[in-house]
1. How far is the Cα center of the range 116-191 from the Cα center of the range 1-49, in Å?
2. In deg cm²/dmol and to the nearest 500, what is the mean residue ellipticity at 222 nm of the chain if only DSSP H runs of at least 4 residues count, each as -39500 (n - 2.57), divided by the residue total?
3. Among 98, 29, 46, whose Cα sits farthest toward the positive end of the charge dipole of the chain (+1 at Cβ of Lys/Arg, -1 at Cβ of Asp/Glu, about the Cα centre)?
4. Expressed in nm to one decimal, what extension gain is obtained for the pair residue 194 and residue 167 from 0.36 nm per residue of sequence separation less their Cα-Cα distance?
5. Using modelled amide H (1.01 Å from N, peptide plane; none on Pro or chain starts), what sits under 5 Å from the amide H of residue 9, excluding residues fewer than 5 places away?
6. Give me the dipole magnitude in Debye, nearest 20, for the chain about the Cα centre, with unit charges on the beta carbon: positive for Lys and Arg, negative for Asp and Glu.
7. Can you give the local net charge around residue 170? Use residues other than it whose beta-carbon is closer than 11 angstrom to its beta-carbon, Lys and Arg +1, Asp and Glu -1.
8. For every other residue with a beta carbon closer than 12 angstrom to the beta carbon of residue 30, add +1 if it is Lys or Arg and -1 if Asp or Glu, then tell me the sum.
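The values are calculated or read from the model by the stated rules, or taken from the named source; none is laboratory data. Because the structure is a prediction, the values reported are computed rather than measured. Positions of Cβ are backbone-derived with ideal geometry, glycine not excepted, and every protein chain shown enters the neighbour counts. Only protein heavy atoms, including side chains, enter the accessible area calculation; ligands, DNA and RNA are left aside. Shrake-Rupley method; radii C 1.70, N 1.55, O 1.52, S 1.80 Å.
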Amino acid sequence: MNYQTANFMISAPTLAQCPPDFGSEVAFAGRSNAGKSSSINTLTQNSRLARTSKTPGRTQLINFFGLHNGTDQKLVDLPGYGYAKVPEKVKLEWQRHLSEYLLNRQALRGIVLVMDIRHPLTEFDQMMLEWADKVDKPVHILLTKSDKLKKGAAKKALLEVKQALHEWEDLVSVQQFSALKREGIPELRKKLDEWLQLEQPEA
């Protein structure tokens, strides 16, 4: 699948304003500033596709990107969670819309859960895993910013996350990823290909 064809479709503040619920889509979720938008941009080789910011909580909408100039297959950039610099009322509102999307979106095939390799499995990450388990959706964890650690430390962090989630091994897969060094892209593409082609009609 050619992810370089990804193009912006729409930003939706609520589930009701999302595109029609058909086809297949993969959602990218993660704590604010974990590297979610950068991962999407690296995957699609388009540095301007998903907005990135050093200010946590910049992504406040559900952003949809269509593949192959169509709408049957989509990448979705979900609002970052765990942001500290927004009012509690706003935080709860974003969380509600995030929950509605994850629990009710029929086109959702899987979730790419983005975690900073230096700070994995926060309480917010655990919340996402519980939501995914509730709706029986597979999760692929991207341990981003792996370039920030030496190889030995990065490998150790990967193994620790896998061990922590060993009871969920049928639902969860894990990999290292570096947007800066463009490492881990083939593994991510392989997982997305697997999900987005589910239930697709044969050519």
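1. 18 Å
2. Calculated at 222 nm, the ellipticity per residue is -10000 deg cm²/dmol.
3. 46
4. Details: separation 27, 0.36 × 27 = 9.72 nm, distance 2.23 nm.
Full extension of this stretch gives 7.5 nm more.
5. Residues meeting the criterion, in which the H sits 1.01 Å from N, are 64, 65, 66.
6. Working: 28 positive and 24 negative charges, 247 e Å.
Roughly 1180 debye for the chain.
7. Working: positive: none; negative: 133, 136, 167, 169.
So the environment of residue 170 carries a net charge of -4.
8. Numbers: positive: 31, 36, 145; negative: 77, 116, 125.
Charge balance in the 12 Å sphere: 0.
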